[in-house]
Amino acid sequence: MFQAILVFVALLAVSRADCNLNCPVGEACYSSSKEVMDCMTSIPFNKEWATATVDVLAQSLANYGFLALYHNTGPPYVTKVDIMYELAETQSMVNSGAFASDMDFQDHVMDLIQLTEDAHTRYQKPVCYNAVFLQPFALDMRVPVSEEAGTTSVQEEPRAYMTRNLYTDQYLLQFPDSPIEQLLGQEVTLFNGLEVTTFLSDWADTHETRSNNRGVRFNVAVRSFLFQSAIQYNVHGLDSTALKVTLANDAGSFELPWLASYQAGLGDVDYCAAVDPDAVSARLQSGKQVVPPPNPLLHPELLSPPVPLTQERLTRGPDTKSGLRGSPDTKTHARTVIVPADSASTVSCFIQQQNAPVSGVENVLVMKVASFAPDDFRAFLQDVETCITTDYDLMVIDVMQNGGGIVCLGLRLLQLLVEDYNQDPSLVQMNYDLPHSPLMDQYIETVNSNEGYINLETGEPYADGKAYYYGRNVTMGGVEHQRTNYFALDCSDFEKLPIGFKPKKFLSPDRLLMLTDGTCGSTCACFTKIPQEHGKATLVGVGGLWEEAFDVSSFAGGFVSNPDVMADIASESGINNFPAFKTNQHWQFDWAIWYSQKFPTRPAQFVVTEPDFREAFWGFPHAAVDPAVTTDMVSSLYDRVIDSAVARLAETNAN
């Protein structure tokens with residue numbers, strides 16, 4: 001106890017050594033990027049903290065589903081990294097004092113994990129790094145519209161225009177002489193002397209973990225590069241280098257320094273440290289204010305939920321005078337809300353009156369599925385029931401920016417939409433497996449749990465843990481190792497919901513459209529890849545690197561784990577020394593692997609599933625952009641997707 005108090009007092013002495021920024025709890029404050037960076041780099045390197053971090057990562061990753069494969073994933077992505085070797089090298093650097101500050105260490109770890117380009121496997125810095133480096137504009141990217149044809153051309157490369165974001169005015173308060181106002185609406189061709197598309201793609205390749213597909217990473221970078229969270233990204237150098245923006249038509253180049261937003265606890269060691277009851281007690285006894293525990297509202301989730309659409313603007317149709325789209329002739333259609341965008345579930349929908357008799361489309365159901373992780377999955381399914389009991393001839397399911405959730409919920413939605421799946425739910429079952437590890441070996445021998453996993457040969461749960469666990473000798477990435485037998489998840493309880501409901505109609509694949517930006521991941525990846533591989537739906541991909549390969553989903557790795565789960569498994573196995581972080585960073589990793597049905601020996605995450613059609617669209621909702629603006633953009637996208645589908649159906653009917 002006495003030692004703990006001494007350590008805590010020592011930490012207090014250095015917790016704010018070179019940081020003079022303070023911000024009220026729950027508020028956002030602003031300063032120069034240099035002052036904020038100085039605060040973060042003032043956090044001293046702590047060998048004990050770093051060693052604990054490496055230990056947790058190493059023992060967690062012994063259970064990583066892709067640990068062997070990443071030695072050499074082969075095509076199409078050809079990633080080569082020996083993660084355990086890199087962690088051992090990191091520990092050597094810790095021992096030799098190679099890190100000048102805790103931030104240097106944190107960025108090194110983030111860069112290592114980023115090599116996996118796997119959003120299921122993510123590391124985020126502790127809360128004391130809660131700052132965002134931002135620019136005063138967003139990008140409005142679009143492919144020019146042909147004045148004669150009234151359509152975009154795949155021969156044209158996307159152009160980028162600077163548009164106002166939610167921080168433009170705040171930026172001018174910090175930098176009153178900034179030329180940003182005169183730059184808004186202008187086409188930008190270069191960032192730091194490099195073509196915009198190339199620049200963003202390069203940045204995404206070294207910073208984004210959302211996908212192993214370059215086009216999908218690019219979609220994320222269109223927004224995230226201009227709004228970089230220090231918790232989520234390596235922001236090294238943003239304090240000393242302004243962003244050089246070069247405009248089209250020789251309109252000049254301008255340098256825009258980065259503005260930094262920060263919140264309470266920035267650069268404060270107390271906010272970094274994991275909760276220590278003894279240390280809190282010592283501070284209370286000393287009469288000093290107790291630093292509040294990290295506020296989860298100030299710490300973004302590993303995958304932030306998508307920004308919601310604005311219901312009023314969505315249902316009235318796009319604002320054609322906004323200047324944010326290439327076509328001034330965008331049509332509007334009458335829309336009737338069925339489930340509003342602010343519904344308690346993550347499902348919303350409306351009916352659009354299309355009145356296209358030649359194609360047989362009078363009404364279109366547009367259903368947004370923002371996430372498969374609702375607070376109440378029954379409310380989710382009830383809203384789905386409400387949506388699909390309406391009268392429609394064509395359906396568009398928007399899963400853009402859907403980061404996944406409950407696997408069985410995604411599979412149940414497929415069964416409610418596709419007749420074959422409804423009649424035979426086993427068609428959507430997926431092949432999973434887990435790698436062997438010393439921890440799991442001990443768990444199976446001690447607990448012998450079957451986890452409720454289904455034997456794919458019998459359709460019944462495995463009798464015990466050993467029946468599924470002692471499975472196969474496999475070589476992945478050139479590494480021979482042991483893996484479990486294939487298994488499926490038991491979703492039988494979900495298959496009974498909604499209670500007593502039977503869909504009144506099912507659509508043919510050319511009338512069931514799924515709209516994705518490629519960041520549709522985890523459960524959402526199952527939701528899109530399964531019908532795509534079976535030919536049960538039409539996949540429409542948006543954005544990406546124009547005219548390059550694109551995937552309909554990302555991080556289709558299966559399901560994740562984290563140190564808390566591993567510690568529970570260790571405890572049940574009689575092992576009480578699974579390591580714990582000494583700081584409050586977030587960390588998760590891909591545990592079970594899901595295999596493609598089309599290519600059964602390949603993990604689905606490494607199978608490119610191209611969309612059937614592409615749309616030139618990069619107007620993704622984001623926390624830095626006015627949701628009314630992005631709702632207009634998405635609304636216009638819906639019209640284009642529907643019009644294209646109606647035209648294809650009309651052509652088919654004519655033939």
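What the table shows:
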item: Debye-sum result for segment 394-499 in log10 I(q)/I(0), which assumes one identical scatterer on each alpha carbon, at q = 0.23 Å⁻¹; result: -1.20
item: Segment 66-108: radius of gyration and largest Cα-Cα distance (Dmax), Å; result: 13.5, 38
item: From the C-alpha gyration tensor of segment 413-572, square roots of 5λ in Å; result: 33, 22, 14
item: Dimensions (Å) - segment 87-215, Cα atoms, principal axes, largest first; result: 65, 39, 26
item: For the chain, Cys with no neighbouring Cys Cβ under 4.7 Å; result: C526
item: Low-density loop cleavage sites - trypsin sites (Lys or Arg not before Pro) in segment 80-146, where at most 14 other Cβ are within 10 Å (DSSP); result: K80
item: Label-point separation in nm, A242 to Q482, each point 7 Å along Cα→Cβ; result: 6.2
item: Dimensions (Å) - the chain, Cα atoms, principal axes, largest first; result: 83, 71, 46
item: Within the chain, helix-based [θ] at 222 nm, where runs of 4 or more DSSP H residues each add -39,500 (n - 2.57), nearest 500; result: -9500 deg cm²/dmol
item: Principal axis box of segment 554-655, alpha-carbon based, largest edge first, Å; result: 69, 42, 18
item: Apportionment of accessible area to carbon and sulfur, the chain, percent (1.4 Å); result: 50
item: For peptides 533-545, 402-414, sequence by mean Cβ density within 10 Å, most packed first; result: 402-414, 533-545
item: Difference of contour (0.36 nm per residue) and Cα-Cα distance, V78 to F501; result: 147.7 nm
item: Of Q186, G544, P374, farthest towards positive along the dipole that unit charges on Lys, Arg, Asp, Glu beta carbons give the chain; result: P374
item: Mean separation of Cα contacts under 8 Å, 6 or more apart, over the residue count of the chain: relative contact order %; result: 19
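The values are calculated or read from the model by the stated rules, or taken from the named source; none is laboratory data. Here the structure is a predicted model, which means the values were calculated and not measured. Here the Cβ is made from the backbone with ideal geometry for all residues, glycine too, and neighbour counts use every protein chain on show. We work out accessible area using only protein heavy atoms, side chains counted, and drop any ligands, DNA or RNA first. Shrake-Rupley method; radii C 1.70, N 1.55, O 1.52, S 1.80 Å.
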